[in-house]
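What follows is one structure encoded as structure tokens, with my remarks underneath.
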Amino acid sequence: MSDKKKLQIALYWGAACGGCDVAVLDTNEFILTVAEVADIRLWPIAADGKYADVEAMQDGELDLTLFNGAVRNSENEHVAKLLRQKSKILVAFGACAHMGGIPGLANLTTKEDIFATAYLNNPSIEPGNRTVPRPETKLNGSSLEIPTFFDRVFKLGDVVDVDYFLPGCPPAPEQVKNVLLAVVKGELPPRKSVVGASERTVCDDCKRTKAEKKVRRFYRPFEIIQDSTRCLLEQGILCMGSATRSGCGVRCPNSNQGCRGCYGPAPAVKDHGAKFLSALASIIDSKDPKEIEAMVGQLPDFISFAYRFGMPASILERTHHR
Amino acid sequence: MSYEPKILGLLCNWCSYTGADLAGTSRIQYPPNIRIVRLMCSARVDPTFVFDALSKGADGVLICGCHPGDCHYSEGNYKALRRFTLLKKLLQAYGVENERIRLEWVSASEGQRFAEIVTDMTERVRALGPSRIQPALHTDHAERCP
Ligand code: SF4
Ligand code: SF4
Ligand code: FES
């Protein structure tokens, strides 16, 4: 069923919400153009195609795979390795594949705690009905298997060699389009590049007026009526624009929300949260240790904010409690 | 086998490094567990350096700068203090014990004080035992090399 002259592509989801696939569909009629020049060989959310079909392919038979989602279980890892082998170009598509994404926040807790919350202590589960999933179950002499849930979440690049990274939660449809066009025309930048984004920061592209940043208290968005023309950070509202790679079109500040960092760290930034921490702490307008302590106390659960989309991509990757 | 903590020292050039130097030239004894890196100012300490050190096997990180009001660049040490306060909170959330990171003001004449701080920190970190971060990250990835 495949026409070998056409571009052979696959789209796959690991630990993901489905939003990345929707971002591809949000390219609207462009996706129909793609279907004209490409054979979509696997796309679980929108088309048919079985793992066995992929296994039967030659190595490198796929020209392009867009892999969205993090690596959370053995199935995600298995399919990531399989698609790597069969693809000439493998793209980590969206924040989860790029950096671990929202599922990566699970690295702040443990597998045991997640299972306890989901399967044991949840009030909606009837007593006597508390079943915890196991990779293997023996029943009437045969064995049933489901994927193994890992102790932590990995980004795609932790388990396979990734050729390109297309950031965003989800990537802006316009950027998806640009990258697909670049693939068709053979105009991709050198391997390992971040594509579908810019080399600037979100602040660089933000139209809000910027003056001196000195803050006496931090506000959660609902605690203050903001001035929608002024920099959010100067008003004490957390915004990660200074540490974040641009390319989304400044989606959040333009919608009166602080940037959460979904496009990942700005170029040359190694640890997104560390860079944001530096910028944020240095604008605290106090020299008094007690006052500083009190302001820092206004940042509940700072770790989840600083690494909302990239806990597995941070230098320490996960929590290290005894 | 006894465990010897590895402590990274990040010292500003103008006061603290000179203080450490004074400890040396005055032949004041202090534990050899600290490895010192000289920076121009305590404000040069990017939290990334601390994460990097911890991920590469440091058991503790000591940051030293000029006393408040004495920074060669006038306010760098206040920036360091603000970042340190938030960094400590972040590291706590990561599960890193508070005593593994420390900020102290050490002037050029405080060789004795520098030696006391290093001695005290070495003992505290020794009591905590080795950091588990590097071995944990290693184990996480051992099974899944691309
Ligand atoms: S911090 Fe946020 S609101 Fe302020 S300039 Fe940067 S992106 Fe815009
Ligand atoms: S403003 Fe920040 S969080 Fe919002 S879409 Fe852009 S990069 Fe993502
Ligand atoms: S020069 Fe010593 S703290 Fe700034």
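No lab work stands behind these numbers, since they all come straight from the coordinates. This is a predicted model, so every value here is computed, not measured. Ideal geometry is used to build each Cβ from the backbone, glycine not excepted, and the neighbour counts take in all protein chains shown.
Along the positive direction of the dipole of chain A (beta-carbon charges: Lys, Arg +1; Asp, Glu -1; about the Cα centre), which of A:L90, A:V34, A:V195 reaches farthest?
Most positive-ward Cα: A:V195.
Sequence gap at least 6, Cα distance under 8 Å: using those rules, report the relative contact order of chain B to the nearest whole percent.
Values: 235 pairs, mean separation 51.7, N = 146.
Answer for chain B is 35 percent.
By its C-alpha gyration tensor, with a ≥ b ≥ c as the square roots of the eigenvalues, how is segment B:15-84 shaped: rounded for a/c under 1.5, else prolate for a/b larger than b/c, else oblate? Write down the numbers at each step before the final one.
Working: a/c = 2.57, a/b = 1.06, b/c = 2.43.
Verdict is oblate for segment B:15-84.
Pairs of alpha-carbon atoms within less than 8 angstrom and 6+ residues apart define the contacts here; what relative contact order does chain A have, in percent? Working shown, then result.
Values: 591 pairs, mean separation 57.0, N = 322.
Relative contact order comes out at 18 percent.
So what is the 222 nm mean residue ellipticity for chain A from helices alone, if each DSSP H run of at least 4 adds -39500 (n - 2.57) and you divide by all residues, rounding to the nearest 500 deg cm²/dmol? Kindly include the intermediate steps, with their values, before the conclusion.
On the way: 13 runs with 93 residues, N = 322.
Mean residue ellipticity at 222 nm (helix-derived): -7500 deg cm²/dmol.
Defining a contact as two alpha carbons under 8 Å apart and six or more residues distant in sequence, what relative contact order in percent does segment A:1-149 show?
On the way: 204 pairs, mean separation 33.6, N = 149.
Computed over segment A:1-149, the figure is 23 percent.
Taking just the alpha carbons, could you work out the radius of gyration and Dmax for segment A:202-313, both in angstroms?
For segment A:202-313, the Cα-based Rg and Dmax read 13.4, 39 Å.
Sorted from largest down, what three extents in whole angstroms do the Cα atoms of the protein assembly as shown have along their principal axes?
Here the spans come out as 82, 61, 48 Å, largest first.
Taking neighbour counts of Cβ atoms within 10 Å as a proxy for exposure, in what order, fewest first, do A:M311, A:M57 appear?
On the way: A:M311 31, A:M57 19.
Listing A:M311, A:M57 from fewest to most nearby Cβ atoms yields A:M57, A:M311.
Scanning chain B for trypsin sites (Lys or Arg not before Pro) in DSSP loops with at most 15 other Cβ atoms within 10 Å, what's the longest stretch left with none? Intermediate results must be reported in sequence, preceding the final value.
On the way: sites that count: B:R27, B:K56, B:R132, B:R144.
Longest gap between qualifying sites, sites excluded: B:57-131.
If you take every DSSP beta bridge whose two residues both sit in chain A, what share of them, in percent to the nearest 5, is antiparallel?
Values: 9 of 31 bridges.
Approximately 30 percent, going by the DSSP bridge assignments.
Arrange A:C17, A:C262 by Cβ neighbour counts within 10 Å, fewest through most, would you?
Exposure proxy ranking, most exposed first: A:C17, A:C262.
List A:C231, B:C41 from most exposed to least, where exposure is judged by having the fewest other Cβ atoms within 10 Å.
Working: A:C231 19, B:C41 22.
So the ranking, lowest neighbour count to highest, is A:C231, B:C41.
Could you work out [θ]222 nm for chain B from helices alone, using -39500 (n - 2.57) per DSSP H run of at least four and dividing by all its residues? Round to the nearest 500 deg cm²/dmol. Don't jump to the answer; show the numbers that get you there.
Values: 5 runs with 66 residues, N = 146.
It lands at -14500 deg cm²/dmol.
So how much slack lies between A:N28 and A:Q257, counting 0.36 nm per residue of separation and subtracting their Cα-Cα distance, in nm?
Working: separation 229, 0.36 × 229 = 82.44 nm, distance 2.62 nm.
Going from the current span to full extension adds 79.8 nm.
Going down the table (A:K210/B:K56; A:K111/A:K214; A:K50/A:K275; A:K81/B:K56; A:K81/A:K138), which pairs top 31 Å between alpha carbons? Write down the numbers at each step before the final one.
Numbers: A:K210/B:K56 38 Å; A:K111/A:K214 41 Å; A:K50/A:K275 43 Å; A:K81/B:K56 28 Å; A:K81/A:K138 28 Å.
From the list (A:K210/B:K56; A:K111/A:K214; A:K50/A:K275; A:K81/B:K56; A:K81/A:K138), the Cα-Cα distance tops 31 Å for A:K210/B:K56; A:K111/A:K214; A:K50/A:K275.
Report the per residue volume, in Å³, of the convex hull enclosing the C-alpha atoms of segment A:141-221.
Values: hull volume 21.7 nm³, N = 81.
Taking only Cα atoms, segment A:141-221 has a hull volume of 268 Å³ per residue.
At 7 Å along Cα-to-Cβ for each site, give me the label-to-label distance between B:R124 and B:I36 in nm.
Computed distance between label sites B:R124 and B:I36 equals 2.0 nm.
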